[in-house]
Amino acid sequence: MIRVFRKPRSIFGKLMLSHLVVVGISLIIIGFFLTYLIENYFFSARELEIVGQARDTSYLVAEDLAADDLEAVRKTVEALAYSLDAKIRILNYSRLTILTVDPEMGENGELEAEEGVGFAEREIEHVFNGNMLTKKVYGPAMQRVLVAAPILHEDHNGSGLTGSDGEAAVLGAVTLSVPLRGIEETLAQISRLMLYSGIIGVSIAAIVAFSLSKTFARPLQKMSRAALDMAAGNFHCTVNEESDDEIGGLVKTFNYSVEQVEKNLEEQKRLENLRRNLVANVSHELKAPLASVRGFSELMLDGLIDEKEKERYLQIILDNSVHLSKLVDDLLTLSHLESGQVVLEQKELNVDDLARWSFDSITPQGDQKGIKLLYNIEPGLPLIRGDRHRLHEVLVNLLENALAYTPPGGAVSLKVYQNQGQVVFEVHDTGCGISGDELPLIFERFYKVDKSRRRSGKGSGLGLAITKQLVELHGGTIEVDSELNKGSTFRVYLPLLS
């Protein structure tokens, strides 16, 4: 079945859009808030300024109004109105308007009357009581600030112009009406600047978000393609993307997973090859002895063998049966070792006792074959930790293997010594040796050195494989040196008791 994967929507595209939306909304909120604060600041500052101007105007016209010099008052008011760009109105003691100067007269001179811009009667009365008054007027055409200030004069001889206690008298009132066009233009300009800044900020945020999304998405896209390649059977597809962030960690984890999958596949292939080789080798190993047992048994049952020869043929049948039993035992041992089912009974061991026990076990075989046996151990070796019977099996396997490849008159030696924190068991023989091509293969299951160089064709080919597994199970290593026609040397390295 072919499965078609549609291209997924980019999560980073969604994140980028969300990021831009958040930035945009934030800028809008900040813009409104700043506009509100700036507007309040400008209006407050302008209001304070106009209040000061109203006080100054009241002070400047007080003397002339007290002297009833209306011409001087008019000149002063005109000069102030045009310099301040404000509509100024003077009211006398009777609350009547005696002078109005408006720099805008002729353009929208009727604006104030149409909009009802001015002070109510109670507000005027409040000013004539000696108080300042400020008023903001908002209309569709214009915004204005109105400020009214009392005109005070110190005069203790005037008629009704002073208070009963001799305080400053209120001669009248002055009102200033100032348009806020300048503030509106300033605020509009600030709003435009904030709008442009917001657009630039969103653009920069978009560029940064797009760049980051590409940076984040690239390794993920590579991993996605690599995963599809793995699904198609290509397991050599690591991602070349290095960084120290979470994405980099994910890439490293992905590459590690790919490597582990490759190793597992290679291990599966290796195990499959071993299984096939095991079946082939076991079949080959069983075929010859089974054929011999069957053949001689049939001959004896058919009465085709003389009574004198029966004992010899029965011995052949027995030898082949023993060989088959040994083969089965070795297969079971190797299977248990490779599956991790072997549990070592580790104890503190005396190296000399272990080596002497193993050497004495093969002494009868050496004497029977006419091979000289040599034993050499360094005195005072420290203890090691291991399974006594399994290590005995290792040494006996190596010694028997050396005897099998050594001709009569040759020598086999066991040397034990300490080297760099390890105990070394060295088995040397003067046999036929092993070629360089065969050395890497001798620890494989069922591998046998060329039988033409061996004194006996018997053997399962599992001894060295079992030996290697047992040594490694004890945390040690095994190595071999050999030269054709000169002999071989096997060394087993085991750690000392710490």
Leading residue by the ranking (modelled with the lowest pLDDT) among those in segment 221-278 that are hydrophobic (A, V, I, L, M, F, W, C) and assigned to a loop (DSSP other than H, G, I, E, B): F235
Count of segment 411-429 residues which are open to solvent by less than 10 Å² (accessible area, probe 1.4 Å), farther than 16 Å from E479 by Cβ and touching a residue at least 60 places away in the same chain (Cβ under 8 Å): 0
Count - residues of segment 464-477 that are open to solvent by 30 Å² or more (accessible area, probe 1.4 Å) and either among the small types (G, A, S) or in contact with an Asp or Glu (Cβ under 8 Å, 6 or more places away or on another chain) (or both): 2
Some residue of segment 433-450 being surrounded by fewer than 16 Cβ atoms within 10 Å (Cβ to Cβ), in contact with a Leu (Cβ under 9 Å, 6 or more places away or on another chain), modelled with pLDDT of 90 or more and over 19 Å from I371 (Cβ atoms): no
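Count, please, the residues in segment 203-218 that happen to be open to solvent by less than 50 Å² (accessible area, probe 1.4 Å), among the hydrophobic types (A, V, I, L, M, F, W, C) and out of contact with any His (no Cβ under 7 Å at 6 or more places or on another chain).
2
Does L48 satisfy the criteria of being aliphatic (A, V, I, L, M) and at pLDDT below 75?
Numbers: aliphatic (A, V, I, L, M): yes; at pLDDT below 75: no.
No, not satisfied.
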Which listed residue is of a type outside the set (V, I, T), modelled with pLDDT of 80 or more, more than 19 Å from M132 (Cα to Cα) and in contact with a Leu (Cβ under 9 Å, 6 or more places away or on another chain), from A86, A54, A66, A62: A66
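When the residues of segment 451-498 are narrowed to those that are in a helix (DSSP H, G or I) and either modelled with pLDDT of 85 or more or among the acidic types (D, E) (or both), which ends up farthest from the chain's Cα centre (by Cα)?
L464
The values are calculated or read from the model by the stated rules, or taken from the named source; none is laboratory data. Source: prediction; values computed, not measured. Every residue, glycine as well, gets a Cβ built from its backbone with ideal geometry; the counts of neighbours run over all protein chains shown. When the accessible area is computed, the model is the full protein with side chains, heavy atoms only, and any ligands, DNA or RNA have been set aside. Shrake-Rupley method; radii C 1.70, N 1.55, O 1.52, S 1.80 Å.
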